[in-house]
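The values are calculated or read from the model by the stated rules, or taken from the named source; none is laboratory data. For clarity, every value in this text was computed on a predicted model and none was experimentally measured. Using ideal geometry, Cβ is built from the backbone for each residue, glycine included, and neighbour counts are taken over all protein chains shown. When the accessible area is computed, the model is the full protein with side chains, heavy atoms only, and any ligands, DNA or RNA have been set aside. Shrake-Rupley method; radii C 1.70, N 1.55, O 1.52, S 1.80 Å.
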Amino acid sequence: MTATSAGESGTRRLAETADDPEPGPGRGTPAGFLRRHGRRVQALLVLALLGQMALGLVTAAREQSPTADEPVYIGAAVSYVQQHDLRLNPEHPPLAKLLAAAGLSFLDVRLDPGYRGTQWEVGARVLYGEGNDPERVLWSARLPLIVLTLLFGLVVFAFARDLFGVGGGLLALALYSFSPDVIAHGSLATNDVPLAGFLLTTVWLLWRARHRPRWYLPLAGAAFGCALATKMTALPVLPVVLLLAALPAWISARSARTSAEPAGRWVRPDRRRVLRGLGCAAAVGVIAVAVVWASYLVVDPALRYEPVARFDAGPKRYLAGLLPFPEPYRDGLLVQLRFEGREFNGYLFGERYHGGRWYYLPAALLVKTPLGMTALWLGSVVALLSIRRLRPIALYLLLPLAILLPAAMTGSRSFGSRYAIWLPIFLAVAVAAILAYRRRWVLPAVLALVAFVAVSSLRTFPYYLPYSNEAFGGPANTYRHLNDSNVDWGQDLGRLGDYLAERGLSQERVWLVHKQRANAGHWGINAADPTGVPPEQVHGLLAISLVRLVARPGGYAALIRGQQPIATIGHTLRLYRIP
């Protein structure tokens, strides 16, 4: 018996009856169609879903100028490879940046080895200095992360198929591939989607390890190590990962192969089983730690590093020092903890505030998630918790979220739904649980909601970053409710430059209100700062970020009072002509 068949002996019946309201051959149902035509149809549907996602990812990546964080990551990536220097961007582990560096390895990217600027200055120098082509550098850094995002789509499909059959796998992949947030951030050289994807891969491999632990537990440890080596926000999930790693020793494998219960039957663990479970958990933890060490040793085998967290962190410094990770990792963790101790400006539903709001992330997700997807998420949670035979699956899909979401909600940075990007990825798999309801109306209702999600996603193409659902006015109105990476992360300066070039306006001065004004000239914009002169001296073209407009209405409203915009660029910039 193969690993898949051993793990699915109970769930296959569940999946088939979920797709077929009346148990039986199911010849007139989607499940029956898939059973008759087999793998060829599955492959075509998977390719179609990933193909449309790839189109969105590539188009967004090619059209968008660098977002706020990308120059830092790209600069660090070049420094890692060329100078073996761990100094830059210690608050984030190296793996995602090393992936970006893999794409840059095909270019001759130049960086003066003697240059010792800040991480922001190094990033700007790599993109815009030393004769480098910013568009080629940016695209080459983004490409490996795009490929990784598509590979995670295969993980979503495989995990949901293991749990709920082929129909469930296709449903999960459809939601993943049409998620505007996943496409938006999967097209960038950042670490949010890689973190979420590695966490999901970890949980999937732990699910498979229930019956073949020798095969899948080491892989799960490696996947979790990749998550830890991508972003430190994976640390809160460590207890859940170790618990799930120990479960194979506490489940009767023979029962799982003969029972309709998808996770096997619990047995009272004797001393031998307890020790075996602890050994499995320890093995996963050791492998994960080894992967983190490897990610740093690849950059610099000598691990030369000068700590930057010289502030008094009190007990936090002591606790961080206990972690079995390299010194740069522990130091970066202290930097992150210091960030969380600070207060930042935020904006939510028209309110400008200073400090955190615990409800910010749920509110941002409510705006940024397609309405049909939200309905399916709620249905999946109800199904996993109310249907007894599905409750063991909730340990794998919902328990990690129950740790990650409160941890993210306590953060002080109200910067975007990307801080919870793992939610649409995990819940894409969970949604397939709805098919367990054996009612005739369930499948048509689910398909209708998926179609609603697809239409909403396709309508925002290729402007995925400022997406908001129809209840909040769509992407053209997101700036009224949210800011920062939810709307304008700097991605539309290139589009503004293209607009000016197409109309022969590239040589005309543009008064630009934008946080990345310093780099505007590289995108064909002759930019000037309107805030440094009296308002009566501002004449001609004025481009203003909508995020800045709502964040400081008193400072900029006088410039555009009584004026109508001549263009809106990417739902983030408005262009005026001031007489």
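General remarks:
- Residues that are assigned to a loop (DSSP other than H, G, I, E, B) and more than 24 Å from Gln516 (Cα to Cα) within the stretch 62-86 comprise His84, Asp85, Leu86, listed in sequence order.
- Residue count for the stretch 458-478, restricted to those that are under 19 Å from Phe415 (Cβ atoms) and either out of contact with any helix residue (DSSP H, G or I) (no Cβ under 9 Å at 6 or more places or on another chain) or open to solvent by less than 10 Å² (accessible area, probe 1.4 Å) (or both): 6.
- Helices (runs of 4 or more DSSP H) enclosed by the stretch 161-259 - at least 3 residues per element that are in contact with a Ser or Thr (Cβ under 8 Å, 6 or more places away or on another chain) and surrounded by 24 or more Cβ atoms within 10 Å (Cβ to Cβ): 180-186, 192-208, 213-228
- Strands (runs of 3 or more DSSP E) enclosed by the stretch 481-579 - at least 2 residues per element that are touching a residue at least 24 places away in the same chain (Cβ under 8 Å): 509-513, 540-545, 567-569, 573-578
- Qualifying residue in the stretch 406-416 (condition: among the basic types (Lys, Arg) and either buried (at least 22 other Cβ atoms within 10 Å of the Cβ) or assigned to a helix (DSSP H, G or I) (or both)): no
- Positions within the stretch 283-323 being among the small types (Gly, Ala, Ser), at pLDDT below 80 and either surrounded by fewer than 18 Cβ atoms within 10 Å (Cβ to Cβ) or in a helix (DSSP H, G or I) (or both), in sequence order: Gly314
- Condition check for Ala43: out of contact with any Ser or Thr (no Cβ under 6 Å at 6 or more places or on another chain) and surrounded by 19 or more Cβ atoms within 10 Å (Cβ to Cβ): no
- Meets criteria (buried (at least 21 other Cβ atoms within 10 Å of the Cβ), in contact with a helix residue (DSSP H, G or I) (Cβ under 6 Å, 6 or more places away or on another chain), part of a helix (DSSP H, G or I) and in contact (Cβ under 8 Å) with a residue 24 or more places away in the chain) for Ala102: no
- Filter result (within 22 Å of Leu206 (Cα to Cα) and not aromatic (Phe, Trp, Tyr)) within the stretch 394-414: Ala394, Leu395, Leu397, Leu398, Leu399, Pro400, Leu401, Ala402, Ile403, Leu404, Leu405
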